[in-house]
């Protein structure tokens, strides 16, 4: 029973079916009807005109956005535990021509307007120091916390104060939407977000993520950068098909609801052992090496996060028995 | 009836089935059993130890290879009509840190050892001029010609003479293998090729290409560069599955045979109109604007290549009627 | 007697004196009084508000300008024999994040509006091909020709037509100003030039060139890029001092007049042997290998340009005897 | 009386004279006799064969070295207060193709083998995290401390353990040599250093620094990178002349001795107010805003380093009265 990562889960059957259905000759790249319909689909979802691009990975979505939002000589403020800092092999520096990540600390991988203000304040305003040009946050965060719409808006105001562009890594946006109950619009552009990496792969998708531009004037540049980075696949309809299948009838929200609910079940069992509040689909638990070993002996697979810390991640397809078994096993430690 | 590009064709049903079959929870990235088996599968095919990576597009395969084969301050000799020069949005410069393409002319997008010698000879050996560090050829070429094993070997000797690394863009390698009758080994590493972009998407694949390293010591660097470029997708098994499905029972060769045969049918009909010898699955035909219009009126879709030049590309799934109809239509012009 | 390159000449004594005079403790970088006065000095010279930066080499001036005028995913149209293409070791690709030089031919390394129109016209307007974003010309050209103010203006109109930014490599701007009789303003911003590399080192300077921005809103970016490229030297006053010494009493024009006059003397002697019209301080002469050898035997040093082609370059300090001797020697061939 | 920075001091008269002396026509770039003699001069100084390059700034020396010692996808371990991190506008990321600085803390901007071991240990050995490939230290440090030969050697051993290349920023190497009494060889290559930025500009030079390669096989690459970054000035002899003038009769050591002695005079006066041990030519002093103001009112110029912290830097030409006056003023606070 794997609780290692939602990355590793199966794609939803509707996604596989959508791929099969779109498997016919059509215009290459993103000239097909499905790809062409993404702008409209996401514009409806976000209640405003957006430009939407399928890309093949979250790293690509994040770093294409950052490249458009920050010049190579600028800095991107982010949490020190942000995925772009610790898990993307330096891709922001690659895509954004050497741009520098400027690291900020804060509990649960969350930033606050105050911490952004402080980070900006520490930089001398001269040509010798890299000047921040963008802010990037992750919602839900790398520790399974969520930003409310008000929290994002507070950060959005900070970006206005400091003339920063604003990127959100929404690899687990679905979990954040379900958890906060906020609308996608309130969690993003109404709060000041300029570009969003909208994750599908951890939530039932196969290999298509979306990059959403609320500043639509960036679209031409992103289209070129996507091609230039080798992310303009020729059979694009089969990426668009996945995304549309997940948007249809809010399947993406159902999937996230299922993962979040599974996480709550485990969280309830973990009780005092929880390191962070469980607000999405990640559960960080205090457990000795012996306890971790005993859980593994019972057939559970998970990540050793640090000394006496383990991480479980639930997926869209993990409701029911395995979750209950894990909850019971943790409760019995 | 579309003869626009093999890029736009459907994936082979076996590929879709393989994806569906691999759609279960497994280790993420390329830690799964299918991804792990690629080295062995390609080592058998190439009759030597190779390292094989799935990547998501041909541009990524080409440019990751070039980044490992040429420093940013070096030059890559290629044909002036090479895909990396005219159709990848400057991706070689992006992936390879500003490396410069050094363009060489030659009929049918083919290079010869002589043209490579001449290109090297024109460069002053000083720090003011970019020094060539790599050679990249495309087989089959962008004009549907093929390099024989002997021709590749002759270029391989040129690379030795000039201390160049050697890359082959094999977006249509299958068509070249079928056309020449040479073994994959003879067409590549035995002829001196260091790294190969092995195309599947134009030949029945969905969204997985392979990057093959004959110099296996480059594998660690390529693995990092792939991640850093956002090309390490999390559900990697579904990329590996596609490739393995096409390798199984030589389906990739059957597909290419079908496309090449269709091209021959059309070539025979075109006769004197042919601009280049038809050796793979592309047919370049002289036709006036009026003739092109009349073909379009009959329902054929194709690319206007230049003044009075049109291009047809056949695909693995285009045997039979549409091809015969096109042949007849061309013959009737 | 060296006619190899104006690069190798001595600095004017006034420049050395100015360095010595500025050799006292002052604010570092460009905070000193001399550096701060450059904007005003060049604004007067160009009869408009400009921003002026000292930089240490012409390559830096050119490539910092290009980096601000062309995004990494764009193209820079230039002559195939432009210094930025053949003599800067790929620096444009380095400074401008992989931007691509798009080469145009034309006699004497000169471009025309027609050739720029044609170059733009050849590019497909899609994401697969690099789109031109800037034009760079050299005045005087690498073959010693000059663009008149009208010719620059014609190119400036072409840049407007195609939404290109416009850079001028003025490594030998002084020679062009003297040769055309045009004002610096007419040769540059009034003709549409956005940024100018203003050469001093070939014309009596020691190690300071100037980068002039007619679009002053680019100044902040250039200031950062200069630092980031290691071109913000700490004792900046001694760079500014050189430039101001050459501007004072039009010493820069006197120097260029001297070099141009020397070139005319040699050109008159060469007569029919001239390959290009001599309009600045470079003389390209047809001469057999034997003739070249005989000139060398007489003590003249110069560059073998190609088969039966040799190049002489005159410098600000080369009036009088050596020039007369060379003229006589050429006439006697 | 300025104690703001050694950056701003005058050049030594011998340097100006050397420039004037070399101001004659000679081979351009680094083909002249002076430039050609640098390898020998530094090889003698370092008691081993080295390759030496003049460059125009310390940022260029540092970042050219780092570009050769670390691939773009790698990391460079350095102190969080290192000049390359806080004062070079992101130049390491620019020169080294996006390479990432991996920051380590430690008192006085010094690293220890233990802190390097710990930094390496924190990195997961996978493709998702940037892997360290180089170590860079500054000697004397940004806080005026020095590494002894033994301390450098201990770090050198750490680099061997972790397969890191080893760079030393010696912007104030002279001060460290004088302070430790160690030989240049013992402080650098005998302790494992691969490449050294050898500072002259803060120590009596005008605008020439040296980049010393102990791994001479890197020389060809550095030569190209220097040109490509616009740091191959055409009148190179006047850079080499400066360096040779400072090496002659150990003028560079005399200069550093003078600056260090001045710093000791001030340090003795500061006594308990010292924040760091004064081992080179920088003095960090605790002083209230009112005390700082009173010093300024007496005519002293210096840097406000932080709350209640001020920094003085002494220069080669600052012996005698101003130093005694400052010492007295501090003692009188």
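Test residue D:266 against the criterion of being in a helix (DSSP H, G or I) and surrounded by 14 or more Cβ atoms within 10 Å (Cβ to Cβ), and give yes or no. Yes. For the range D:112-171, filtering for residues that are out of contact with any helix residue (DSSP H, G or I) (no Cβ under 7 Å at 6 or more places or on another chain) and under 22 Å from residue A:81 (Cβ atoms) leaves 12. Consider the range C:1-17 and keep the residues that are facing chain D (nearest Cβ under 7 Å) and either more than 30 Å from residue C:283 (Cβ to Cβ) or in a helix (DSSP H, G or I) (or both). The one that is farthest from the chain's Cα centre (by Cα) is C:16.
Among residues of the range A:199-222 being touching a strand residue (DSSP E or B) at 6+ places or on another chain (Cβ under 7 Å) and within 10 Å of chain B (Cβ to nearest Cβ), the one that is nearest to residue A:5 (Cα to Cα) is A:201. Entry remark, the range D:73-96: residues being touching a helix residue (DSSP H, G or I) at 6+ places or on another chain (Cβ under 7 Å) and either surrounded by fewer than 24 Cβ atoms within 10 Å (Cβ to Cβ) or modelled with pLDDT under 95 (or both) number 1 in total.
Within the span defined as the range C:40-55, one or more residues are at pLDDT 95 or above, at the interface with another protein chain (Cβ under 10 Å from one of its Cβ atoms) and either on the phi > 0 side of the Ramachandran plot or buried (at least 19 other Cβ atoms within 10 Å of the Cβ) (or both). Just one of the numbered conditions (1) out of contact with any strand residue (DSSP E or B) (no Cβ under 8 Å at 6 or more places or on another chain); (2) part of a helix (DSSP H, G or I) is not true of residue B:60: (1). Counting the residues of the range D:312-325 that are touching a residue at least 40 places away in the same chain (Cβ under 8 Å) and more than 13 Å from chain C (Cβ to nearest Cβ) gives 5. Would you call residue A:246 in contact with a helix residue (DSSP H, G or I) (Cβ under 8 Å, 6 or more places away or on another chain), free of Cβ contacts under 8 Å to residues at least 40 places away in the same chain and not in a strand (DSSP E or B)? Criteria not met by residue A:246. Screening the range A:301-333 for residues that are in contact with a strand residue (DSSP E or B) (Cβ under 8 Å, 6 or more places away or on another chain) and assigned to a loop (DSSP other than H, G, I, E, B) and picking the one that is nearest to residue A:272 (Cα to Cα) gives A:308. Can you tell me which residue is farthest from the other protein chains (Cβ to nearest Cβ) among those in the range A:94-115 that are assigned to a helix (DSSP H, G or I) and touching a strand residue (DSSP E or B) at 6+ places or on another chain (Cβ under 6 Å)? Among them, the one singled out is A:115. Criterion first (within 9 Å of another protein chain (Cβ to nearest Cβ) and buried (at least 24 other Cβ atoms within 10 Å of the Cβ)) does residue B:167 satisfy it? Criteria not met by residue B:167. Being in contact with a strand residue (DSSP E or B) (Cβ under 6 Å, 6 or more places away or on another chain), part of a helix (DSSP H, G or I) and either touching a residue at least 40 places away in the same chain (Cβ under 8 Å) or more than 14 Å from chain A (Cβ to nearest Cβ) (or both) is a description that applies to residue B:239.
Among the conditions (1) in contact with a strand residue (DSSP E or B) (Cβ under 9 Å, 6 or more places away or on another chain); (2) farther than 30 Å from residue A:8 by Cα; (3) buried (at least 24 other Cβ atoms within 10 Å of the Cβ); (4) at pLDDT 95 or above, the only one that residue B:6 does not satisfy is (4). The residues of the range B:92-106 that are touching a residue at least 12 places away in the same chain (Cβ under 8 Å) and either within 20 Å of the chain's Cα centre (by Cα) or over 17 Å from residue B:72 (Cα atoms) (or both), listed by number, are B:92, B:94, B:95, B:96, B:101, B:102, B:103, B:104, B:105, B:106. Quick check on the range A:149-158. Is at least one of its residues closer than 30 Å to residue B:25 by Cα and either modelled with pLDDT of 95 or more or surrounded by 24 or more Cβ atoms within 10 Å (Cβ to Cβ) (or both)? For the range A:149-158, residues closer than 30 Å to residue B:25 by Cα and either modelled with pLDDT of 95 or more or surrounded by 24 or more Cβ atoms within 10 Å (Cβ to Cβ) (or both): absent. All conditions in (1) assigned to a strand (DSSP E or B); (2) within 11 Å of another protein chain (Cβ to nearest Cβ); (3) within 21 Å of residue B:229 (Cα to Cα) hold for residue B:76, with the sole exception of (2).
Only one of the listed residues (D:261, D:292) is under 30 Å from residue D:44 (Cα atoms), modelled with pLDDT of 95 or more and surrounded by fewer than 21 Cβ atoms within 10 Å (Cβ to Cβ). That residue is D:261. Working only within the range B:80-93, note down all residues that are farther than 19 Å from residue B:229 by Cα and part of a helix (DSSP H, G or I). Residues satisfying the conditions are B:83, B:85, B:86. Residues in the range A:253-275 that are within 20 Å of residue A:148 (Cβ to Cβ) and in contact with a helix residue (DSSP H, G or I) (Cβ under 8 Å, 6 or more places away or on another chain): A:253, A:256, A:257, A:259, A:260, A:274.
The numbered conditions (1) more than 30 Å from residue C:83 (Cα to Cα); (2) away from every other protein chain (no Cβ under 14 Å); (3) buried (at least 21 other Cβ atoms within 10 Å of the Cβ) are all true for residue D:248 except (3). Being surrounded by 18 or more Cβ atoms within 10 Å (Cβ to Cβ), assigned to a loop (DSSP other than H, G, I, E, B) and touching a helix residue (DSSP H, G or I) at 6+ places or on another chain (Cβ under 6 Å) holds for only one residue in C:278, C:285, and it is C:278. Residues considered: C:328, C:289, C:332. Of these, the only one that is more than 24 Å from residue C:203 (Cβ to Cβ) and without any contact (Cβ under 8 Å) to a residue 12 or more places away in the chain is C:332.
For residue D:67, the stated conditions hold: it is within 12 Å of chain C (Cβ to nearest Cβ), crowded, with 23+ Cβ neighbours inside 10 Å and in contact with a helix residue (DSSP H, G or I) (Cβ under 7 Å, 6 or more places away or on another chain). Within the range A:18-38, the set of residues being surrounded by fewer than 24 Cβ atoms within 10 Å (Cβ to Cβ), outside any loop (DSSP other than H, G, I, E, B) and facing chain B (nearest Cβ under 9 Å) comprises A:20, A:29.
The values are calculated or read from the model by the stated rules, or taken from the named source; none is laboratory data. Predicted model, so just to flag it, every value in this text is computed and none were measured. So basically every Cβ, Gly included, is an ideal-geometry build from the backbone, and we count neighbours across all protein chains shown.
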